[in-house]
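Asks: Got a structure for you, written out below as structure tokens; questions coming shortly.
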Amino acid sequence: MYSLDNIHDIGSQLNRPECVLTTSNQRIYCSNWDGGVTVIEKDGHQHSILANNLDFELKPNGICLLEDGSFLVAHLGAEKGGVFQLFSDGTAKPFITFVDGQDLPPTNFVHLDYQGRIWITVSTRTTPRADAYRSDVQDGFIILYEHGKARIVADNLGYTNECVVSQDGQYLYVNETFSRRLSRFNINPNGDLSNKKIITTFGKGIFPDGLVVDEDGYFWITSIISNQVIRVSPDGKNQVTQLIDVEASHLDWVEDAFLSNSVGRPHLDQVKSKRLKNISSLAFHGESRNTIILGCLLGNQISSFKQSHTGLSPSHWHFKGPLISIFQPEKKK
């Protein structure tokens, strides 16, 4: 297990940097609750691209980098959701705001696979969302966007969170946060998901959120609340905690609430820890992809730590990202 002494902070004045992405040019991208994406350069300079033409406040949760340097942003609004495309000049436009004839609820995550398909997760249809922080609510779903069309391809999931598609495009893996499990689907030739298999389930205090894969096929998962990074074997039989930062009494309190179906916002917003601020997303970073970058829900910085495994390069690894010349670095505060 890695020590908290190995943790380094990155960035400043970030606003709910829930989702993190990295690319081969050593850039780090994180979602920005002010309405867009923050870019952190190799030398530490920051730039923020914020939506400037919408008549509502864009609330980015998951983000996805496209080859043209624009982003897809999953909008986690108070009541409405959808995915919006955000361009380098701050212009934003709807990408998907309804599916199967219905408006999208608050939307969690968006993922570009190696085949160029877009996968979107919606955690729950329940209103308010906090009422779905329980194991018996199974109303999350997954959307596939392909050939200009979007449709629901998996439904009745237990708080659908981050997902990732295998390099060969044959399997989709997804975290079901409040069902405390990592699941796998076969991707059929027409894009439908079938043959759901539970890869592994998680125990006390573990609520899987972020999800990436290393070159050995192991899954790396973040757990919100417990501030935990877990490495899971490809067959799901072995789980090894790489990092954890939470007070045991706090975890007991949350677990008691979870077992009585009474988890609410305070259990997520009042995490008791030494360094980490309710970690959510993660990404492999650096030339050797052996540094882990951690997004979070409560901090104004993201975190990093070095470890001994090499991350699998994501589909966007060689994308250049937005042009630097169109925006100015943020002044250090």
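The values are calculated or read from the model by the stated rules, or taken from the named source; none is laboratory data. Keep in mind that this is a model prediction, so the values were computed, not measured. For neighbour counting, all protein chains shown are included, and Cβ atoms are generated from backbone atoms with ideal geometry for every residue, glycine included.
Asks: Please determine, by comparing only the residues of region 184-193 that are in a strand (DSSP E or B) and either touching a residue at least 40 places away in the same chain (Cβ under 8 Å) or within 19 Å of the chain's Cα centre (by Cα) (or both), which one is farthest from residue 274 (Cα to Cα).
Replies: This residue is 193.
Asks: Would you check if residue 159 is touching a helix residue (DSSP H, G or I) at 6+ places or on another chain (Cβ under 8 Å) and of a type in the set (Ser, Thr, Tyr)?
Replies: Yes, satisfied.
Asks: Inside region 49-70, can you point out the residues that are in contact (Cβ under 8 Å) with a residue 60 or more places away in the chain and crowded, with 20+ Cβ neighbours inside 10 Å?
Replies: Correct list: 49, 62, 64, 65, 70.
Asks: Right, here's the next one. Return the total of residues in region 1-39 being in contact with a Lys or Arg (Cβ under 7 Å, 6 or more places away or on another chain), of a type outside the set (Gly, Ala, Ser), farther than 18 Å from residue 290 by Cα and touching a residue at least 40 places away in the same chain (Cβ under 8 Å).
Replies: 2
Asks: If you go through region 194-207 one residue at a time, do you hit one that is surrounded by fewer than 22 Cβ atoms within 10 Å (Cβ to Cβ), of a type in the set (Gly, Ala, Ser) and assigned to a strand (DSSP E or B)?
Replies: yes
Asks: Output the qualifying pairs, or none if there are none: Cβ atoms under 7 angstrom, residues six or more apart or on different chains, first residue in region 316-330 and farther than 17 Å from residue 165 by Cβ and surrounded by fewer than 19 Cβ atoms within 10 Å (Cβ to Cβ), second residue at pLDDT 70 or above and of a type in the set (S, T, N, Q).
Replies: 318/24; 320/25; 323/88; 326/88; 329/46; 330/46; 330/48
Asks: Answer yes or no: is there a residue in region 23-42 that is surrounded by 17 or more Cβ atoms within 10 Å (Cβ to Cβ), of a type in the set (Asp, Glu) and closer than 16 Å to residue 283 by Cα.
Replies: No, region 23-42 contains no residue that is surrounded by 17 or more Cβ atoms within 10 Å (Cβ to Cβ), of a type in the set (Asp, Glu) and closer than 16 Å to residue 283 by Cα.
Asks: Would you mind stating whether residue 63 is among the β-branched types (Val, Ile, Thr), touching a Leu at 6+ places or on another chain (Cβ under 7 Å) and at pLDDT 95 or above?
Replies: Numbers: among the β-branched types (Val, Ile, Thr): yes; touching a Leu at 6+ places or on another chain (Cβ under 7 Å): yes; at pLDDT 95 or above: yes.
Judged against the criteria, residue 63 is a match.
Asks: Pick from 237, 272: which is without any contact (Cβ under 8 Å) to a residue 60 or more places away in the chain, exposed (fewer than 14 other Cβ atoms within 10 Å of the Cβ) and assigned to a loop (DSSP other than H, G, I, E, B)?
Replies: Result of the check over 237, 272: 237.
Asks: Do we find that residue 135 is surrounded by fewer than 23 Cβ atoms within 10 Å (Cβ to Cβ), in contact (Cβ under 8 Å) with a residue 60 or more places away in the chain and under 18 Å from residue 39 (Cα atoms) in this structure?
Replies: no
Asks: Hey, another quick one. Residue by residue through region 213-230, note down the ones that are part of a strand (DSSP E or B), surrounded by fewer than 21 Cβ atoms within 10 Å (Cβ to Cβ) and either out of contact with any Ser or Thr (no Cβ under 7 Å at 6 or more places or on another chain) or among the polar types (S, T, N, Q) (or both).
Replies: 213
Asks: Only one of these is over 28 Å from residue 312 (Cβ atoms) and of a type in the set (D, E, K, R): 272, 277, 196, 237. Name it.
Replies: Numbers: 277 fails: over 28 Å from residue 312 (Cβ atoms); 196 fails: over 28 Å from residue 312 (Cβ atoms); 237 fails: over 28 Å from residue 312 (Cβ atoms).
Just one listed residue meets the conditions, 272.
Asks: Is it true that some residue in region 272-281 is at pLDDT 95 or above and in contact with a Lys or Arg (Cβ under 6 Å, 6 or more places away or on another chain)?
Replies: No, the conditions are met nowhere in region 272-281.
Asks: Let me ask another. What is the number of the single condition among (1) charged (D, E, K, R); (2) touching an Asp or Glu at 6+ places or on another chain (Cβ under 9 Å); (3) within 21 Å of residue 16 (Cβ to Cβ) that residue 265 does not meet?
Replies: Against the list (1) charged (D, E, K, R); (2) touching an Asp or Glu at 6+ places or on another chain (Cβ under 9 Å); (3) within 21 Å of residue 16 (Cβ to Cβ), residue 265 comes up short only on (2).
Asks: Checking residue 88 against (1) part of a strand (DSSP E or B); (2) buried (at least 17 other Cβ atoms within 10 Å of the Cβ), which test does it fail?
Replies: If we test residue 88 against (1) part of a strand (DSSP E or B); (2) buried (at least 17 other Cβ atoms within 10 Å of the Cβ), just (1) comes out false.
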